[in-house]
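Please treat every number below as a calculation from the coordinates, not as lab data. Predicted model only: the values in this text are computed from it and were never measured. Because the Cβ atoms are built from the backbone with ideal geometry, glycine has one as well, and the counts that use them run over all protein chains shown.
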Amino acid sequence: MLKLSAKFENSLGKVHRWSFNEPNRDLTGIEVQEHLEKLSELELFEKEGVRLFTQVTSAKLIEVIETPLF
């Protein structure tokens, strides 16, 4: 399984993490960054008066390998 993990600054300047399972593997790093920047511009996500996604600071792909034990 592949997961996209991104870090954003919230409106208080603190780190907010967000992840997405099975992202599009065909997108380049620049394209992913552009999409995450658009997410921060939407101003849709807020918790207790704090905007959660004001600026994307980093993103990475995480590959999870499952190994059955029995």
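Excluding residues on the same chain fewer than 8 positions from K60, give the lysines whose Cα lies under 24 Å from its Cα.
Qualifying lysines at Cα under 24 Å: K3, K7, K14, K38.
Mind pulling the angle between the C-alpha long axis of helix 29-41 and the longest principal axis of the chain? Nearest 10 degrees, somewhere in 0 to 90.
The answer is roughly 40 degrees.
Can you give me the distance in nm between label points at T28 and L69, each placed 7 Å from the Cα along the Cα-to-Cβ direction?
4.3 nm
With a cut-off of 8 Å between alpha carbons and a minimum separation of six or more residues, what is the relative contact order of the chain in percent?
Numbers: 106 pairs, mean separation 32.6, N = 70.
It rounds to 47 percent for the chain.
With a cap of 13 neighbouring Cβ atoms within 10 Å, and only residues DSSP puts in a loop, list the GluC sites (Glu not before Pro) found in the stretch 14-59.
Filter output for the stretch 14-59: E43, E48.
Would you please calculate the Kirkwood hydrodynamic radius of the chain over all C-alpha pairs and express it in Å, rounded to one decimal? Mind dumping the intermediate values first?
Values: mean 1/r = 0.0758 Å⁻¹.
Evaluated on the chain, it is 13.2 Å.
Are there trypsin sites (Lys or Arg not before Pro) in the chain that DSSP puts in a loop and that have at most 13 other Cβ atoms within 10 Å, and which ones?
For trypsin sites (Lys or Arg not before Pro) across the chain that sit outside H, G, I, E and B with at most 13 neighbouring Cβ atoms in 10 Å, the list reads K14, R25.
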